[in-house]
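Okay, structure first, notes after.
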Amino acid sequence: MKELSHVNSDAQVEMVNVAGKQSTLRTARAYAEVHVSAQVYEAIANKFSKKGDVLTVAQIAGIQAAKKTYELIPLCHNIFISKVDLKLELAAGNMVTINSFAATNGPTGIEMEALTAVSVAALTVYDMCKALDKSIRISNIHLLEKTGGKSGDFISRATDSK
């Protein structure tokens, strides 16, 4: 039976010790959706925002957030990030889809950075568009896949994401 990784034998919270782990190439991809009204969708598509190009600003925010994940999530390691990439697209049904990719060569995974990237990018879309409509909904944030490390590869079984 698997156990929680951030709890020691005395049931106390602790940061995982990765000092003796081998560095390997590790990657992760994550996904999020932002559901908006037709008015907000049109504003994003036409780059009509007083704060700037919504998708570009959200992309930069997501990349920046990935680099600061260890500051946001208490037990995350400060890792060397080799690559972070975000793709935001307008999709059918008045939706913005957000896909991230992150890579590192190190002793611990990069899933949290990929997830943080899509989460903060989604929040940035909300922030930039909330003046038009506060009913914006963020959903379906999840890990699509991860590679490398002791636990091996993981591919999501979710069928409603890219």
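Throughout, read-outs are computed from the coordinates displayed, never taken from laboratory work. Fair warning: this is a prediction, and the values are worked out from it, not measured in the lab.
Give me the number: length gained by fully extending residue 132 to residue 2, i.e. 0.36 nm times residue separation minus the C-alpha to C-alpha distance, one decimal in nm.
Working: separation 130, 0.36 × 130 = 46.80 nm, distance 4.60 nm.
Working it through step by step, the gained length comes to 42.2 nm.
Can you grab the distance from the C-alpha centre of the stretch 124-149 to the C-alpha centre of the stretch 1-46, Å, no decimals? What the calculation gives is 13 Å, centre to centre.
Let me make sure I get this right: for the stretch 89-162, a, b and c are the square roots of the gyration tensor eigenvalues over alpha carbons, sorted descending. Under 1.5 in a/c it's rounded, otherwise prolate if a/b > b/c, else oblate. Which is it?
Numbers: a/c = 3.36, a/b = 1.98, b/c = 1.70.
Judged from the Cα gyration tensor, the stretch 89-162 comes out prolate (a/c at least 1.5, a/b above b/c).
For residue 2, a cut-off of 19 angstrom between C-alpha atoms picks up these lysines, skipping any fewer than 8 places away in its own chain: 21, 146, 150.
Phi angles of the stretch 129-137 translate, via the Karplus equation with coefficients 6.51, -1.76, 1.60 and θ = phi - 60°, into HN-Hα couplings of 10, 4, 5, 7, 6, 8, 8, 4, 10 Hz per residue; Gly and Pro are given as x. Helix-only arithmetic for the chain: the sum of -39500 (n - 2.57) across DSSP H runs with n ≥ 4, divided by the residue total, places the mean residue ellipticity at 222 nm at -8500 deg cm²/dmol. Shown in residue order for the stretch 58-70 are the 3J(HN,Hα) couplings computed by the Karplus curve 6.51 cos²θ - 1.76 cosθ + 1.60 at θ = phi - 60°: 5, 4, 5, 4, x, 5, 4, 5, 4, 5, 10, 3, 4 Hz (x for Gly and Pro).
Rounded to two decimals, the Cα radius of gyration of the chain over 2.2 N^0.38 Å is 1.14.
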